[in-house]
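Here is the structure we will look at.
The values are calculated or read from the model by the stated rules, or taken from the named source; none is laboratory data. In this text, all values refer to a predicted model and were calculated from it rather than measured experimentally. In this analysis, Cβ positions are derived from the backbone assuming ideal geometry, glycine residues included, and neighbour counts consider all displayed protein chains. Please note that ligands, DNA and RNA were not included when accessible areas were found on the heavy atoms of the full protein model with its side chains. Shrake-Rupley method; radii C 1.70, N 1.55, O 1.52, S 1.80 Å.
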Amino acid sequence: MTPDLIVTADTVHTLDVARPAATAVAVTGGLITAVGDRRDVAGWRGAGTRVIDLGAATVTPGLVDGHIHPVLGLGLTRGADLSAVRTLDELTEALRRAQRDEPGEWVLGWGLNPNAFGRSPITHEPLTRAVGDVPVFLLMFDAHAAVASPAALKRAGIDGPREFAGGATVVCDGNGVPTGHLLEIPAYELVQAVLPPQGPAVRRARFADLLHRMAAAGLTAGNAMDFEADSADLVGHLDAADNAAGGLPMRLRFAPFCMPGVTRAELDDLVDRQRSGGARWRVDGVKFMIDGTVDGGTAWLSSADTHGESTVPFWPDPAEYVWAAGYLADRGVPVVTHAIGDAGVRYVLDALSGTRRGRVPHRIEHIETIPTELVGRFRALDVTASMQPTHCTLYTSADHSDNWSERLGPERARRAFRCRDLADAGARLALGSDWPVAPFDPRGVIADAQLRRPHGLFDAAPVLPGQALTAAQALHGYTTAAAAAAGLDDVSGRIKVGFRADLSSFGLDPLVAAPDEFAQAPVPLTVVDGTVVHRAD
């Protein structure tokens, strides 16, 4: 067959053991139809074949982010980006600037690191000091907590404690007055519900822009941990065959949430949703949370953190999680579970050991601190370990002075983000970003996975450097492991005849370049389903 597209480059890492290296790839009808060398191109090409020569660049199988929130993230990234704020003085300045630059009824922000509060409790006091009696809503960086001003709490009707089906809390002082700190999604959703709405056109434009920026960073697919509200409208609009932008610029696998208190009818609806999909998207899995976060004191640890918190699961009756996960697994639905603390990871592994495994293996997300005896169970149970190396490098420090490490204490902080131990034990290790919790750029994640410090910060001490991945392991986590985690290792994750024509390319070779340099490497071309979705100027 005459190829539609031929891509050539000095280096092509196929990740196919039968032919690991090449310099030319031919694509026809969305599939790879030939892999060879530049000298083969003359014999492959036809009159209508498009040939793109990337010169000294490196081509890899298409990169897949293991964990993103592209729809939920639209609501989580409204207002000022506060990710660079490190002190309360900087927070005050940022809020005043946001009020000045984006005048409106509300002041909104996202990405706030709890370390900005130092040893002080997280309250609305800095918010009112900055902008007065104005409704303010700020999401913390982990998207599991928020802080709201008194005016915002009043608009949401929050004047005291609340009862939630899941492990959420409206934090109150000794007199029962809300402090502004809202722990977990059900608590802060009360304020989100009264925020000024964004219209469909705005959300569609923001969604399209986000996916195109992801493609421009080299991503060809992502595991989307949401499918709520207007998700079907957003992907359907972009995925339409007559869309002028050419459809979705990356593939998306959605896993809608299953929350505490779920009924059998709601579980059946989640099963029915697995039939949803389009040309480049589908619903394939269900997302659970067994716990919250270490920073917020809502993780599930085997013993309390240094604040006396993180001792209970997100599901008030964790046996209900076992029932719901088993119900879905029995019907062929892959179970995806957020589990951060050691007790949470242990409980989920025990639960999954008794469930049916279908075409797609079950997976656990985050896995931030676990003892050694749990490491080998991931391979033994065929459970995917889905991890985000930049959660370690951006939000913890080698001297354990950060909020996360201080809460855990030195022993548990020393067994943090055990990427290398899991990889060496034979676990299927899928890597990702958890955007918007951390930047989505895969170049940075791949670099930090090797460095165990933020790329570009050469003076920063690495956090547990023994857990660093090799360059090959990091690339594997974005390609072949990602394909296996989705049950697609027979059609994706390698550059091989008959496989999907999803290709990423970089100005530097990820397997030999210094990680700090690779993080800044150009992305000349991204191909999804045989279509060029990004081409650098």
Could you please give the count of residues in the stretch 510-537 that are buried (at least 19 other Cβ atoms within 10 Å of the Cβ) and not small (Gly, Ala, Ser)? 12
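Can we say VAL170 is open to solvent by less than 20 Å² (accessible area, probe 1.4 Å) and among the aliphatic types (A, V, I, L, M)? Before the answer, list the steps.
Details: open to solvent by less than 20 Å² (accessible area, probe 1.4 Å): yes; among the aliphatic types (A, V, I, L, M): yes.
Considered against the rule, which asks whether it is open to solvent by less than 20 Å² (accessible area, probe 1.4 Å) and among the aliphatic types (A, V, I, L, M), VAL170 comes out as yes.
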Which listed residue, of GLY278, GLY285, is buried (at least 23 other Cβ atoms within 10 Å of the Cβ) and touching a residue at least 24 places away in the same chain (Cβ under 8 Å): GLY285
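Could you pull out every one of the strands (runs of 3 or more DSSP E) wholly within the stretch 18-74 that has 2 or more residues that are buried (at least 21 other Cβ atoms within 10 Å of the Cβ)?
On the way: elements: 21-28, 31-36, 50-53, 58-61, 63-68.
Result: 21-28, 31-36, 58-61, 63-68.
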Being touching a residue at least 60 places away in the same chain (Cβ under 8 Å), under 25 Å from THR393 (Cα atoms), in a loop (DSSP other than H, G, I, E, B) and small (Gly, Ala, Ser) narrows ALA482, ALA513, ALA521 down to just ALA521
Return a yes/no flag: does the stretch 21-29 have any residue that is in contact with a helix residue (DSSP H, G or I) (Cβ under 9 Å, 6 or more places away or on another chain), of a type in the set (A, V, I, L, M, F, W, C), under 30 Å from VAL131 (Cα atoms) and without any contact (Cβ under 8 Å) to a residue 60 or more places away in the chain. no
Given (1) closer than 20 Å to THR531 by Cα; (2) buried (at least 19 other Cβ atoms within 10 Å of the Cβ); (3) over 18 Å from the mean Cα position of the chain (by Cα), number of the condition PRO186 does not satisfy: (1)
Which residues, taken from the stretch 21-57, are more than 18 Å from ILE495 (Cα to Cα) and among the hydroxyl-bearing types (Ser, Thr, Tyr)? THR49
Are any of the residues in the stretch 345-363 part of a helix (DSSP H, G or I), within 23 Å of the chain's Cα centre (by Cα) and surrounded by fewer than 15 Cβ atoms within 10 Å (Cβ to Cβ)? no
Considering only the stretch 389-451, give the helices (runs of 4 or more DSSP H) lying wholly within it that have at least 3 residues that are touching a residue at least 60 places away in the same chain (Cβ under 8 Å), under 25 Å from LEU112 (Cα atoms) and within 15 Å of the chain's Cα centre (by Cα). 389-395, 442-451
Any residue that is of a type outside the set (Ser, Thr, Tyr), modelled with pLDDT of 95 or more, out of contact with any helix residue (DSSP H, G or I) (no Cβ under 6 Å at 6 or more places or on another chain) and at positive phi - is there at least one of those in the stretch 407-423? yes
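With the structure loaded, tell me whether GLY75 is at pLDDT below 95 and closer than 30 Å to PHE254 by Cα or whether it fails that test.
Numbers: at pLDDT below 95: yes; closer than 30 Å to PHE254 by Cα: yes.
Yes, satisfied.
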Give THR293, THR311 a once-over and let me know the one that is closer than 22 Å to GLU163 by Cα and open to solvent by 60 Å² or more (accessible area, probe 1.4 Å). THR311
Restricting to the stretch 108-145, give me the number of residues that are without any contact (Cβ under 8 Å) to a residue 40 or more places away in the chain, open to solvent by less than 30 Å² (accessible area, probe 1.4 Å) and not in a loop (DSSP other than H, G, I, E, B). 7
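For the condition at pLDDT 95 or above, open to solvent by less than 30 Å² (accessible area, probe 1.4 Å), small (Gly, Ala, Ser) and over 25 Å from ALA514 (Cβ atoms), what is the one hit in ALA468, ALA438, ALA485? Talk me through it step by step, then tell me what you get.
Working: ALA468 fails: over 25 Å from ALA514 (Cβ atoms); ALA438 fails: over 25 Å from ALA514 (Cβ atoms).
ALA485 is the lone residue from the list that is at pLDDT 95 or above, open to solvent by less than 30 Å² (accessible area, probe 1.4 Å), small (Gly, Ala, Ser) and over 25 Å from ALA514 (Cβ atoms).
Among the residues of the stretch 316-344, which ones are β-branched (Val, Ile, Thr) and more than 20 Å from ARG356 (Cα to Cα)?
So in the stretch 316-344, the residues β-branched (Val, Ile, Thr) come out as 322, 333, 335-337, 340.
Passing the criteria: only ILE340.
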